[in-house]
Amino acid sequence: MQGIRLMTEKKVSSARSKASFLMDRILGEKRLLADLNLNSIMHDVNTADRARSQRLVLNTLRSLERADELIVPFLKKRPNLKILNVLRLATVEIMDNGDAHGIVNEYVSIVGRNKRFKNYKGLVNAVLRKVSKSDRGIWDKLDIPQLPRWLRRILLDAYGNSVIQKIEEQHLERPPVDLTIKNSKLMEYFSIELKGAQIFKHSLRLKDAGQISALRGFAEGDWWVQDLSASIPVCLFKEIKGKSAIDLCAAPGGKTMQLSAAGAYVTAVDISDVRVSKLKENLTRTSLDANIIISDLFKIKDCFDIIILDAPCTATGTIRRHPDLPYVKSKADLSKLFHLQYKMLEHTVTLMKGTSQLVYCTCSLLPQEGEHQVKKLLNNFHDLKVDNYLPQDLSFLESYRTEEGGLRLLPNHFADKGGIDGFYMAKLVKV
């Protein structure tokens, strides 16, 4: 029994230590969590500890403002970032009904192992003891954390204060995990095995997924993680089987796998070697095929029946899943990004033939990355129009139709089911 307890303590220690490391890099160096996971220091972390450390970080970032509001009254002055992040991580864990005694001791130990900061052990212990005695009912009454000012200002102009408040409320909630089931005939089986709820013909939602790679069907490649919003663009095509298809900016490959599973002959294009390696890994695991091209999409010249451009964007629609984004990204160079998106869209049109179907989409909340781009394209290409086709089982999306004909999904949509990622999509065809 003692051996089991020691092993468990070691695992917890590893996860919390890595969470502290990740927090320091995200808030101190403005680095994205996804990039940090490729850092060599994370290579020695086992899968379970890596998943736990990420959960600790994501939960803390969602509630960072609340944590600071609770901590600050117990501090005479603001400590350095390393210590503050330790206090934040521990506070959010405690307020999540964690074992306060074990949490406090572990984080005090983490500080003590660092020669530069061991003198802060007493401070960390004292503050966290006070936090642990706080009324947890107060936590839920603290203000909902707001989006960064630059982003909130843009979104207020687009959607109004009431909608923005609903989006911020949704961002505070831990999002469920959506799985795209490769074979729809297995939906009922996985609904039972994984204790999930079917939210669309191919999409299964898990409220508390835990370690993804340990779930039944992962190793066998029976499904992949893909938010419902991200899976909808492929559903806008009328016919897929036997068609030539190209997925531009394809990695990590959710849409490529959807197209391949539906019977298309898929070409997947991405400029990043690192991202393509993940795409290859996903295709291998799911036993799906695609012709992979590592290239700038502007070098692609062939025509295709089906074209998807999921353009590089601010990814602001995924903040509920990636709460590190607001702390890393800024409004700097937005105009350059908008210009690049349009140039990509403009080039993608040259890959169309008379019967081609093109879906342009971004996981962004900014109209400048969605509606505005399509309006501009339609003004400049009079032989294009938006096809409003929706399959019958997607007819509920008609209420999210935008002025130029696209679909605008926001995180607060389907809030009663756990929300969705923010997404914009429009299907374009030749007149």
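Quick notes on this one:
- Considering region 38-58, the residues that are modelled with pLDDT under 85 and open to solvent by less than 30 Å² (accessible area, probe 1.4 Å) include one that is nearest to S213 (Cα to Cα), namely V45.
- The conditions of being surrounded by fewer than 18 Cβ atoms within 10 Å (Cβ to Cβ), touching a residue at least 60 places away in the same chain (Cβ under 8 Å) and either out of contact with any Pro (no Cβ under 7 Å at 6 or more places or on another chain) or of a type in the set (K, R) (or both) are not met by L365.
- Lone unmet requirement of (1) open to solvent by 100 Å² or more (accessible area, probe 1.4 Å); (2) touching a strand residue (DSSP E or B) at 6+ places or on another chain (Cβ under 6 Å); (3) hydrophobic (A, V, I, L, M, F, W, C) for I192: (2)
- Scanning region 280-299 for residues that are farther than 15 Å from L259 by Cα and outside any helix (DSSP H, G or I) yields I293, I294, S295, D296.
Okay, residues lined up against (1) surrounded by 21 or more Cβ atoms within 10 Å (Cβ to Cβ); (2) in contact (Cβ under 8 Å) with a residue 60 or more places away in the chain; (3) in contact with a strand residue (DSSP E or B) (Cβ under 7 Å, 6 or more places away or on another chain):
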{"position": "D383", "(1), (2), (3)": "no, no, yes"}
{"position": "Q392", "(1), (2), (3)": "no, no, no"}
{"position": "S395", "(1), (2), (3)": "no, no, no"}
{"position": "E398", "(1), (2), (3)": "no, no, no"}
{"position": "T402", "(1), (2), (3)": "no, no, yes"}
{"position": "G405", "(1), (2), (3)": "no, no, yes"}
{"position": "L409", "(1), (2), (3)": "yes, yes, yes"}
{"position": "A415", "(1), (2), (3)": "no, yes, no"}
{"position": "M425", "(1), (2), (3)": "yes, yes, yes"}
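- The sole residue among A197, A219, A214, A209 that is touching a strand residue (DSSP E or B) at 6+ places or on another chain (Cβ under 6 Å) and surrounded by fewer than 15 Cβ atoms within 10 Å (Cβ to Cβ) is A197.
- Only one of the numbered conditions (1) surrounded by 20 or more Cβ atoms within 10 Å (Cβ to Cβ); (2) modelled with pLDDT under 95; (3) closer than 15 Å to V127 by Cα is violated by I94, and that is (2).
Residues checked against (1) under 27 Å from L358 (Cβ atoms); (2) within 21 Å of the chain's Cα centre (by Cα); (3) in contact (Cβ under 8 Å) with a residue 12 or more places away in the chain:
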position	(1), (2), (3)
N291	yes, no, yes
I300	yes, no, yes
I308	yes, yes, yes
G317	yes, yes, yes
P323	no, yes, yes
K331	no, yes, yes
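- Of the residues making up region 249-265, those that are outside any helix (DSSP H, G or I) and in contact with an Asp or Glu (Cβ under 7 Å, 6 or more places away or on another chain) are C249, A250, A251.
- Breaking point among (1) open to solvent by less than 20 Å² (accessible area, probe 1.4 Å); (2) over 22 Å from I319 (Cα atoms); (3) of a type in the set (D, E, K, R), for D178: (2)
- Answer from A230, A262, A251 - the residue that is without any contact (Cβ under 8 Å) to a residue 60 or more places away in the chain and buried (at least 21 other Cβ atoms within 10 Å of the Cβ): A251
- Checking each residue of region 268-279 against the condition of being under 27 Å from D35 (Cβ atoms), open to solvent by less than 20 Å² (accessible area, probe 1.4 Å) and assigned to a helix (DSSP H, G or I) gives at least one match.
- Restricting region 13-32 to residues that are assigned to a helix (DSSP H, G or I) and open to solvent by 30 Å² or more (accessible area, probe 1.4 Å), the residue that is modelled with the lowest pLDDT: S14
- D35 vs. criteria surrounded by 14 or more Cβ atoms within 10 Å (Cβ to Cβ) and not in a loop (DSSP other than H, G, I, E, B): no
- The set of residues from region 238-248 being open to solvent by 10 Å² or more (accessible area, probe 1.4 Å) and not charged (D, E, K, R) comprises I240, G242, S244.
The values are calculated or read from the model by the stated rules, or taken from the named source; none is laboratory data. Remember, it's a predicted structure, so these values are computed and weren't measured experimentally. When we count neighbours, we look across all protein chains shown, and the Cβ atoms used for this are built from the backbone with ideal geometry, even at glycine. Only protein heavy atoms, including side chains, enter the accessible area calculation; ligands, DNA and RNA are left aside. Shrake-Rupley method; radii C 1.70, N 1.55, O 1.52, S 1.80 Å.
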